[in-house]
Amino acid sequence: MTRRGTAPDALGALLDRSLAQIAEASADARTYDRQRINGVADVWDNNTVPLFHAATARTSVGRERRARAALALMAELGPERRRWMVEQAAAAGHSLELLLPPPMAKPRRSRDYRGHVTPPFMPLTAGAALELATDYDLAAAEVRTLLIERVGGRLTGSLVLVAPRRYDGGPQAGDPPELHLRLENIIDVRFDSDDRRGASLRCRAEETVIGVGAGGRLLVTSGTVHIDDPAWHLSTAGRAADQRTPPREEQPRRTPERQRPRPEGAVLVAARIMHIAMLEIRTVGYAHFADRVPVRLLAGALTGAGTDILAAGALRGGRRERAFHNLVETWIKNGGPALAPWFTDELRQIADSEPLPDATRGWIGGITAQGAALPHLGTGQDLGPPLEAELRLAEYTAAHTRYTTPRGSSAVVLLAHPPTGQDSLSRCWRLRVFDVDDVSRFRLRSDAFHGSHELRTDRESVGQESLILGRDSLDVRGSRSRR
């Protein structure tokens with residue numbers, strides 16, 4: 001049952017729901033949902049400080065006004081963000097519809113600062129396939145990046161194709177265009193990096209078949225495509241869109257936000273810890289960090305923070321300062337010995353970089369005196385590959401040059417595996433990332449993502465290894481990066 005409630009309550013509930021979602025998505029390596037973790041943590045990049053600002057207003061009227069402004073700012077990112085807010089608030093018993101301003105309609109097509117029409121995100125349909133084939137030579141396209149990932153009970157992923165233009169892009173065309181395909185519900189994958197030239201798109205009502213090379217393919221039920229091409233306005237599709245798109249209007253200047261008072265003392269410390277934690281969690285958006293960020297521990301340490309921040313912020317003077325002292329110390333206690341070095345390091349950096357009262361510095365010095373600083377909480381020593389594992393993610397990037405910067409070929413493999421070594425008595429599976437550089441072979445079939453498989457490595461020459469999963473369902477050869 002939902003209730004109208006107050007804006008501060010709804011804002012705090014969104015943080016509590018975010019931490020619960022992150023904890024759930026990271027609870028088990030076998031069901032680890034990297035995309036969900038990254039997306040939820042990303043919400044709090046620009047919204048942590050507004051939450052603390054709202055929580056510490058002098059009056060209930062001020063807290064309501066500031067919280068409504070913070071919710072409106074959070075919802076500005078787009079319809080998906082707004083939908084997530086409404087759903088999560090409702091799950092916590094709050095109705096946001098009356099607290100948010102009406103959604104702004106976003107035109108399907110727009111123009112950039114030069115007045116040139118820009119390509120839209122298109123669903124993968126027969127019409128989109130025809131439009132791509134008209135303006136780009138798919139037969140001469142090459143795979144630049146392929147990423148396949150298990151999310152819940154389905155496979156998702158992305159494919160980046162570099163395709164020559166069929167039209168004259170002019171002298172300022174720059175790099176070859178990239179066609180970014182976002183793939184949902186992938187049914188079948190067959191890919192070999194030795195066979196990545198040439199592509200085809202066959203879109204039907206029930207499924208889309210993406211051919212790659214002579215024998216590769218991806219079978220998906222839905223997806224989208226976006227064209228990264230600065231000369232797209234000169235293409236056949238771009239010229240047609242130009243006729244249907246109104247001229248670019250001068251955007252009205254946004255009314256400057258009122259300058260927020262800067263948090264002080266323990267309020268500032270708590271706000272910085274929360275922001276830093278969310279940024280740390282968000283880094284799992286880069287797959288090669290997935291096994292290095294203690295997501296589950298951080299989310300567990302901060303559980304209930306939204307409600308607690310509101311309660312502490314409603315106090316005044318010394319009572320508020322003590323409440324935020326207690327809140328930060330509770331987070332440290334919840335984190336336990338595993339997170340103590342992380343808190344110690346971050347608190348010391350805050351003390352060194354922020355204008356804090358002497359009393360607050362003394363408090364930080366007291367709670368970090370016994371701790372040893374650790375710049376980053378990693379996974380410990382490299383014990384080598386496990387004997388069996390479940391594949392969570394496989395990504396291949398071909399060698400290429402983009403914006404005049406050359407990049408070597410690489411691969412990232414994210415595995416979930418049973419406990420090994422000193423952890424062998426534990427029941428918790430762990431994540432393990434394998435970074436591979438100078439990739440000479442990357443072969444992948446979708447059955448690599450089905451269940452647990454034997455994992456083996458073969459050293460083929462000095463500095464060259466093969467990582468093989470199952471019956472060659474995944475076969476990666478290159479120079480393994482040591483982290």
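Working from label points 7 Å from Cα in the Cα-to-Cβ sense, the Leu279 to Ala369 distance is 2.9 nm. Please give the Cα centre distance for the range 40-79 versus the range 179-237, rounded to the nearest Å. Value for the Cα centre distance between the two parts: 40 Å.
Here the Kirkwood formula puts the hydrodynamic radius of the range 303-365 at 12.6 Å, using every distinct Cα pair. For the range 401-415, backbone phi angles converted through the Karplus equation (6.51, -1.76, 1.60; θ = phi - 60°) give residue-by-residue couplings of 10, 9, 6, 6, 9, x, 10, x, 6, 7, 8, 10, 10, 10, 10 Hz, Gly and Pro being listed as x. Accessible area of Arg82 (1.4 Å probe, protein heavy atoms only, ligands and nucleic acids ignored): about 40 Å². Ligands, DNA and RNA left out, the 1.4 Å accessible surface of the range 157-314 is 49% carbon and sulfur atoms.
Relative contact order (percent) for the chain, with alpha-carbon contacts under 8 angstrom and 6 or more residues of separation?
Working: 906 pairs, mean separation 79.6, N = 483.
For the chain, the relative contact order is 16 percent.
Residues whose amide H comes within less than 5 Å of that of Arg392, counting only those at least five positions distant or on another chain, are Leu414, Leu415, Ala416 (H built at 1.01 Å from N in the peptide plane). Taken over the C-alpha atoms, the range 1-138 has Rg and Dmax values of 19.3, 63 angstrom.
Give me the Kirkwood hydrodynamic radius of the chain, using the inverse of the mean 1/r over all pairs of distinct Cα atoms, in Å to one decimal.
25.2
Which shape class, rounded, prolate or oblate, goes with the range 113-262 when its Cα gyration tensor gives a ≥ b ≥ c as root eigenvalues, a/c under 1.5 marks rounded, and past that a/b bigger than b/c marks prolate? Intermediate values should be presented prior to the final figure.
On the way: a/c = 2.09, a/b = 1.39, b/c = 1.51.
Since a/c reaches 1.5 but b/c is at least a/b, the shape of the range 113-262 is classed as oblate.
With 0.36 nm allotted per residue and the present C-alpha distance subtracted, the Ala311-Thr236 stretch has 21.2 nm of extension available.
Please give the calculated 222 nm ellipticity per residue for the chain, where each DSSP H segment of at least 4 residues contributes -39500 (n - 2.57) and the sum is spread over every residue; nearest 500 deg cm²/dmol? Intermediate values should be presented prior to the final figure.
Details: 12 runs with 166 residues, N = 483.
Computed ellipticity for the chain at 222 nm equals -11000 deg cm²/dmol.
The values are calculated or read from the model by the stated rules, or taken from the named source; none is laboratory data. All values derive from a computational prediction rather than experimental measurement. FYI the Cβ positions are ideal-geometry reconstructions off the backbone, even for glycines, and counts take in every protein chain you see. Quick note on the areas: whole protein, heavy atoms, side chains included, nothing else; ligands and nucleic acids left out. Shrake-Rupley method; radii C 1.70, N 1.55, O 1.52, S 1.80 Å.
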